[in-house]
Amino acid sequence: MSEVVAERTQVAILGAGPAGLLLSHLLHQEGIDSVVVEARDQEYVQARVRAGVVEHGAADILRDAGVGEGLDRDGIPHEGIELRFDGESHRIPMSDLTGRHITVYGQQKVVRDLTERRLADGGKIRFACGPAQIHDVDGDEPSVTYTVDGRRHRIVADFVAGCDGAHGSGRTALGATPVEKVYPFAWLGILARAAPRIEELVYANHERGFALYSMRSAEVSRLYLQVPASDRLEDWPDERIWSELAVRFSLGGEPWEPTRGEIFERSIAPLHSYVGEPLQRGRLFLAGDAAHIVPPTGAKGMNLAIRDVSILAPALAAQLRHGYEHDLRSYSARTLDHVWRVEYFSWWMTTMLHRFGEDAFNRRVQIAQLRSVVGSRAHSTALAEAYVG
Ligand code: FAD
Ligand code: DHB
């Protein structure tokens with residue numbers, strides 16, 4: 001076996017996504033040492049295009065942690081969303097209904113801001129480690145290992161945080177029983193160099209399937225189409241994407257075209273719901289996508305990750321600084337309560353807005369549901385409260 005490079009820290013964190021980076025930052029503010037181990041290189045992590053909506057509560061968490069400057073400077077506040085169905089447009093005035101709003105700010109920017117801040121504060125982020133492994137979580141000296149250039153590294157810690165997403169080692173080491181649901185469709189997502197034709201996000205239920213019109217800036221549009229889970233990017237040449245979007249966003253029976261522009265990023269992501277319960281085992285704690293997945297309808301994935309670690313960080317600090325165990329022991333129960341409400345909201349939005357085969361009954365119920373939501377202040381408020389977070 002090659003040489004082992006050993007290191008000791010209080011919290012070893014797997015994954016430099018929003019969950020791992022924010023956890024490391026919050027722990028630093030509490031005077032707790034951590035090392036973040038990330039499988040991919042820094043460039044890859046910061047270029048990875050994903051979520052775009054920061055809910056009110058998550059924005060407050062970032063601001064309170066002193067990492068909300070970029071969000072407040074470059075984020076685009078949104079006070080409402082549009083629901084489009086049956087060729088009609090209906091606005092949900094979220095801020096009027098709740099006094100809160102969301103901010104459109106790409107996940108890469110959140111990751112960039114957190115990375116820069118950690119590095120400026122002398123934080124330890126080990127990029128390009130390949131997939132790290134977790135050991136001995138049931139004992140007093142859990143550890144994380146990884147191999148770079150043939151050298152084996154070992155980090156011994158008081159606690160390990162699995163913030164390594166849906167395909168990381170955290171889930172395997174936890175060994176929880178998953179509760180999950182797989183949807184028979186995926187989202188094709190694009191980024192286009194095109195000024196958005198909209199001021200607020202449009203969620204469209206069309207008989208051909210769901211479509212979503214979002215944005216990243218005054219020059220960049222973000223658009224999504226529901227596609228069969230088996231579709232590949234080759235099935236969707238540019239012209240097909242634009243014409244399908246125009247049909248699904250139809251108003252008054254007429255196609256309604258988003259502004260077109262060069263498509264410079266595209267991906268297909270399957271939709272599923274997943275919770276691995278409980279979120280802790282021995283000295284291992286899971287947060288973010290490692291712990292749970294929501295379908296993207298309603299934009300909750302990154303927000304949940306941010307919220308999880310805002311609970312985990314003070315609980316770890318209370319234990320490490322004062323030997324106070326209660327908050328850490330109750331982390332899973334306290335987090336899961338909120339997680340399941342968000343699972344419910346994301347499932348509800350997904351089932352209300354997507355096409356599920358040829359089921360005529362299902363479709364009529366969807367339209368009735370949407371009419372109830374837009375026709376009743378109480379229903380609109382329920383959606384808005386869950387959406388803004
Ligand atoms: P991640 O951001 O996944 O970070 C985990 C990190 O761990 C990664 O950097 C990974 O490289 C690293 N890692 C993995 N395994 C290991 C290992 N063994 N050792 C070390 N490091 C490891 N949400 C929305 O709200 N809207 C969207 O439009 C949206 N689009 C998405 C598209 C895709 C393709 C995916 C995968 C997710 C999307 N999400 C979306 C969800 C949202 O992006 C996630 O909820 C969010 O990234 C969760 O943050 P995280 O820090 O928990 O996990
Ligand atoms: C975006 C993604 C979502 O899942 C959503 O519900 C709204 C917006 C986005 O990427 O902008």
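No lab work stands behind these numbers, since they all come straight from the coordinates. All figures in this text were calculated on a predicted structure; none of them were measured in a lab. Cβ coordinates were reconstructed from backbone atoms using ideal geometry, including for glycine residues, and neighbour counts include every protein chain displayed.
Note the full-extension length gain between Arg151 and Glu358 as 0.36 nm times their separation in residues minus their Cα-Cα distance, in nm to one decimal.
Numbers: separation 207, 0.36 × 207 = 74.52 nm, distance 5.57 nm.
Length difference between fully extended and current span is 68.9 nm.
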Give me the mean projected area, in nm² to one decimal, of the convex hull enclosing the Cα positions of region 154-228.
9.1 nm²
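Per the Cauchy relation, a quarter of the hull surface: what is the mean projected area of the convex hull of the alpha carbons in region 1-121, in nm²? The partial results should precede the final answer.
On the way: hull surface 44.3 nm².
Convex hull of Cα atoms, orientation-averaged projection: 11.1 nm².
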Total charge dipole magnitude, the chain, about the Cα centre, Cβ charges on Lys, Arg, Asp, Glu only, Debye to nearest 20
240 debye
Measuring from the lowest to the highest alpha carbon on each principal axis, how far does the chain reach, largest first, in angstroms?
67, 43, 40
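If packing is taken as the average number of other Cβ atoms within 10 Å across a peptide's residues, how do 172-181, 51-60 rank, most packed first? Please list the in-between numbers first.
Details: 172-181: 15.0, 51-60: 22.5.
Going by the mean number of other Cβ atoms within 10 Å, highest first, we get 51-60, 172-181.
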Distance in nm between label sites at Ala218 and Arg334, each 7 Å beyond Cα in the beta-carbon direction?
4.3 nm
How long, wide and thick is region 87-241, going by the Cα atoms along their three principal axes, in whole angstroms, largest first?
60, 38, 35
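So if each residue of separation counts as 0.36 nm, and I subtract the Cα-Cα distance between Glu265 and Glu141, what length gain in nm does that give?
On the way: separation 124, 0.36 × 124 = 44.64 nm, distance 4.31 nm.
That works out to 40.3 nm of additional length.
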Rounded to whole Hz and in sequence order, give me ³J(HN,Hα) for region 177-188 from the Karplus expression 6.51 cos²θ - 1.76 cosθ + 1.60, θ = phi - 60°, writing x for Gly and Pro.
8, x, 10, 8, 9, 10, 9, x, 8, 9, 10, 8
In order over region 200-217: 3J(HN,Hα) from phi, Karplus 6.51/-1.76/1.60, θ = phi - 60°, whole Hz, x for each Gly or Pro, gives 10, 4, 10, 9, 10, 9, 10, 4, 8, x, 7, 9, 9, 10, 10, 8, 10, 6
Within the set of other residues whose C-beta is less than 9 Å from the C-beta of Gly389, count the net charge using Lys and Arg as +1 and Asp and Glu as -1.
+1
Taking amide H positions as placed 1.01 Å from N in the peptide plane, with prolines and chain starts having none, which residues 5 or more places from Glu277, or on another chain, fall under 5 Å of its amide H?
Thr177, Val179
Sorted by chain and then number, the residues having a modelled amide H within less than 5 Å of the amide H of Gly298, at least 5 places away or on another chain, are none
I need the calculated FRET efficiency for the pair Gln46 and Asp235, taking r as the beta carbon distance and R₀ as 25 Å, to the nearest 0.05.
0.30
Under a crude label model (7 Å from the Cα following the beta-carbon direction), how far is Ala166 from Arg208 in nanometres?
2.6 nm
Sorting Ala186, Ser34, Val67 by the position of each Cα along the dipole of the chain (Lys, Arg +1; Asp, Glu -1; all at Cβ), the one nearest the positive end of that ordering is Ala186
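Compute, for region 252-337, the length of the dipole vector about the Cα centre, with Cβ point charges of +1 (Lys, Arg) and -1 (Asp, Glu) only. Units Debye, rounded to 20. Please list the in-between numbers first.
On the way: 9 positive and 10 negative charges, 91 e Å.
That gives region 252-337 a dipole magnitude of about 440 debye.
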I'd like the FRET efficiency for Arg341 and Ile367, computed as 1/(1 + (r/R0)^6) with the beta carbon distance as r and R0 of 25 Å, rounded to 0.05.
0.50
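Using 0.36 nm per residue, how much length does the chain from Glu7 to Asp72 gain when fully extended, once their Cα-Cα distance is taken away?
On the way: separation 65, 0.36 × 65 = 23.40 nm, distance 3.73 nm.
Using 0.36 nm per residue and subtracting the Cα-Cα distance, I get 19.7 nm.
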So the pair-distance distribution of region 95-174, from every Cα-Cα distance in 10 Å bins, comes to percents of 14, 33, 32, 13, 7, 1
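Are there trypsin sites (Lys or Arg not before Pro) in region 220-313 that DSSP puts in a loop and that have at most 12 other Cβ atoms within 10 Å, and which ones?
Details: sites: Arg222, Arg232, Arg240, Arg248, Arg260, Arg266, Arg281, Arg283, Lys300, Arg307; in loops: Arg232, Arg260, Arg283, Lys300.
Answer by residue number: Arg232.
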Around Leu201, with a cut-off of 15 angstrom between Cβ atoms, what is the net charge of the other residues, counting Lys and Arg +1 and Asp and Glu -1?
+2
Beta carbons within 10 angstrom, averaged per residue: use that to sort the peptides 133-145, 21-33, highest first.
21-33, 133-145
